[in-house]
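Take a look at the structure set out below.
Values in this text are rule-based calculations from the coordinates and carry no lab data. Everything numeric here is computed off the predicted structure, so don't read it as measured data. FYI the Cβ positions are ideal-geometry reconstructions off the backbone, even for glycines, and counts take in every protein chain you see.
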Amino acid sequence: MENLYKITEQGHQYILGEIIKDFIHYDFEKTLTYLEVKGKFCYGQNFKILEADKPIIYKLLIYIIKDEENCKNYHINLNKGILLTGPIGCGKTSLMNLVRYILPEKNRYEVQSARNISFEYLKQGHQVITNYSKAKIFCFDDLGIEQSLKYYGNECNVLGEILLSRYDLFVSHKIVTHATTNLNAIELEKWYGNRVRSRMRQLFNLIAFDRKSQDKRN
Ligand SMILES: Nc1ncnc2c1ncn2[C@@H]1O[C@H](COP(=O)(O)OP(=O)(O)OP(=O)(O)O)[C@@H](O)[C@H]1O
Ligand SMILES: [Mg+2]
């Protein structure tokens, strides 16, 4: 018997694929249809999946749904996380937020902006680094725009510290981390230093929007 994988959104049912032997087989086009509906719901009626973005979204989706065969073809390592890069306004934050919804709720990662985390650090200090070092999958949004902050006079690159802890977690417990950024490799190294940068190479698969991708805020 056919067992469809469906998601209900505002009273409508969307079919994303089939469940065969407890495994969801997603249909790419149907999943895109759902993402566009969810995108319009979250970001307004102008939200549209652009033809030019489909290759990026495809790579992200095969990773998210753990499609081993296609990931191999695209050199995406399922044991690592995703670093989604691209110019300002190309849609990184929206995309990382949206693709979570195609997963069953228990498998979704949590998106947190680097900027908010650094503000939490101002209020709570070192506890924040511990909070984000726990065995849970996070996506740190917009790495490299937060500032180094002082807590009782101690200057701390909060996200840099968190990334070091996330690396330890990755090595010891195979727990991945995702992130988005506008910065390129050289800028990231400048921002976080070479210890962090070197670990980032192991932590993340790089998925990059084209440098000329349109700013969707226009
Ligand atoms: N596919 C899309 N169609 C229409 N609008 C979109 C699309 N994706 C994102 N947007 C809108 O474009 C704006 C920028 O998107 P988003 O914040 O995701 O970009 P970003 O790459 O994270 O930008 P930044 O580098 O500044 O963090 C938002 O207002 C968002 O609602
Ligand atoms: Mg963003």
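Here the gap between Asn46 and Ile145, fully extended at 0.36 nm per residue and compared with their Cα-Cα distance, gives a gain of 32.9 nm.
For Lys136, the aspartates and glutamates whose Cα comes closer than 19 Å to its Cα, not counting residues fewer than 8 places off in the same chain, are Glu105, Glu110, Glu120, Glu161, Asp168.
Extending 7 Å from the Cα toward the beta-carbon at both Lys190 and Glu69 defines two label points whose distance is 4.4 nm.
Length gained on full extension, Arg211 to Lys123: 28.1 nm, using 0.36 nm per residue less the C-alpha separation. Take every Cα pair under 8 Å whose residues are at least 6 apart in sequence, average their separation, divide by the length of the chain, and the relative contact order is 23 percent.
By other beta-carbon atoms within 10 Å, ranking Asp210, Asp215 with the fewest at the front produces Asp215, Asp210. Remark: spin-label model distance Lys174-Asn77 equals 1.4 nm, labels positioned 7 Å along the Cα→Cβ axis. In a reduced charge model with +1 at each Lys and Arg Cβ and -1 at each Asp and Glu Cβ, segment 1-107 shows a dipole moment near 380 debye about its Cα centre. Charges were assigned to the Cβ only: +1 to each Lys and Arg, -1 to each Asp and Glu. The resulting dipole of segment 77-208 about its Cα centre is roughly 340 debye. For Lys190, which lysines qualify as cross-link partners when the Cα separation must be under 22 Å and same-chain residues fewer than eight apart are set aside? The reachable lysines, counting only those whose Cα sits under 22 Å from Lys190, are Lys92, Lys150. Summing charges over all other residues whose Cβ lies under 15 Å from the Cβ of Tyr101, with Lys and Arg as +1 and Asp and Glu as -1, gives +3. Pairs from the table (Lys80/Lys134; Lys38/Lys212; Lys40/Lys134; Lys134/Lys174; Lys30/Lys54) lying more than 23 angstrom apart at Cα are Lys38/Lys212; Lys40/Lys134. Taking a sphere under 14 Å around the Cβ of Asp215 and counting the other residues whose Cβ falls inside, with K and R at +1 and D and E at -1, yields a net charge of +3. Annotation for segment 166-203 versus segment 85-101: alpha-carbon center distance of 18 Å.
The order of the peptides 130-143, 17-30 by mean Cβ neighbours within 10 Å, most packed first, is 130-143, 17-30. Computed as a quarter of the hull surface, the mean projected area of the alpha carbon convex hull for segment 70-218 stands at 9.8 nm².
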